[in-house]
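A short write-up of the structure that comes next.
Where a number appears in this text, it was derived from the coordinates with a stated rule and is not lab data. Source: prediction; values computed, not measured. All Cβ positions, glycine included, derive from the backbone under ideal geometry; neighbour counts span all protein chains shown.
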Amino acid sequence: MRIVFLGPPGAGKGTQAETLSKEKKLPHISSGNLLRESVENDTETGKKAQQHINKGQLVPDQIVVDIIRERILKNDCKNGFILDGFPRTLSQAIVLDGMLKDLGNKIDIVFYFAISKESIVLRLSGRRICAICGANYHVKYVPSLKDGICDKCGGKLYQRTDDKLETVLERIKVYHEQTEDLINYYKKNGILKEIESESNVESITENILKVIDNASKSASFVNLGVV
Ligand code: AP5
């Protein structure tokens, strides 16, 4: 199954993608993580991307599209994947559709994470990431057992540089200007599922799994010629 997680910054896409990836054995492909990796590795792409990320603006389409194309073509994506944070512009969505069509595939479900601006700001201001394994925490909502230390590997927790309030507000603005239109794009394609994202992590996971299980059931009915 090929799944896209669409929604504003801090809506919980990464958190849910991690769980779903384990539950459904699908690779979690986060465009943000891939870009941050290239920044850490000090590659040419990373150098170009960093200036945009730090300002809370989108990295140019061509850079992101190339990174995603390379990732999707890997063997582990043959049976599906969860795309988190990509596509983020109409042109990225069109390129993605073309890429998948060439492979004889298509996106099955797009989850749109609906959440208020107030919650986004609260979530991003408290987010902490493990410097070693990348696990995601929140000082209040998803705290680590020991303050500032990762439960999974003992690594130090840090705050992302683009989680400063000023940059968060810019990211929300950019989302409204450049990404929100994708809601209608996927609604018209009939594959958009809205997920209420103000609730706790567990009930959101439950809702996502229900949608996926229903979609899988109807797909097998179609394959059996029942529908
Ligand atoms: P990216 O890394 O994709 O960031 P984002 O989309 O802004 O999303 P976030 O990672 O901030 O939030 P999330 O929705 O994953 O929330 P999370 O689960 O962490 O992109 C960063 C930058 O890279 C962009 O600004 C851009 O420059 C560039 N970029 C990336 N993709 C691009 C593209 N396609 N095109 C161009 N540029 C691109 O949760 C947030 C916090 O809330 C955490 O602390 C978590 O523990 C907590 N939390 C999660 N769920 C809940 C819940 N239900 N209740 C309470 N707390 C919760």
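Listed values, structure above:
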| item | result |
| --- | --- |
| Cα gyration tensor shape of region 85-142, rounded if a/c is under 1.5, else prolate or oblate by comparing a/b with b/c | prolate |
| Rg in Å to one decimal, and Dmax rounded to a whole Å, for region 117-214 via C-alpha atoms | 16.2, 46 |
| DSSP bridge pairs, the chain: antiparallel proportion in percent, nearest 5 | 35 percent |
| Globularity ratio of region 68-187, using Cα Rg and 2.2 N^0.38 Å | 1.27 |
| With Cα atoms, 0 to 90° folded angle of helix 90-102 axis to the chain main axis | 50 degrees |
| Label-point gap, in nm, between Lys146 and Glu198 - each point 7 angstrom along Cα→Cβ | 3.8 nm |
| Computed over the chain, Kirkwood Rh from alpha-carbon pairs, angstrom | 18.3 Å |
| Computed over region 41-82, Kirkwood Rh from alpha-carbon pairs, angstrom | 11.6 Å |
| Low-density loop positions, trypsin sites (Lys or Arg not before Pro), region 1-90 - DSSP coil, at most 15 other Cβ in 10 Å | Lys25, Lys74, Lys78 |
| Spin-label pair Val121/Leu165, simplified geometry with 7 Å Cα→Cβ offset, distance in nm | 0.7 nm |
| Per DSSP, loop trypsin sites (Lys or Arg not before Pro) in region 98-200 with at most 13 further Cβ within 10 Å | Lys106, Lys140, Lys152 |
| Aspartates and glutamates with Cα under 15 Å of Lys164, excluding same-chain neighbours fewer than 8 positions away | Glu118 |
| Residue (of Leu90, Ile149, Ile109) at the positive-pole extreme of region 80-151, dipole from beta-carbon charges | Ile149 |
| Distance violations [Cα-Cα > 18 Å] among Lys47/Lys173; Lys48/Lys117; Lys22/Lys78; Lys140/Lys193 | Lys47/Lys173; Lys48/Lys117; Lys140/Lys193 |
| Crossing angle, helix 201-223 versus the chain [Cα axis fit, 0-90 degrees, rounded to tens] | 20 degrees |
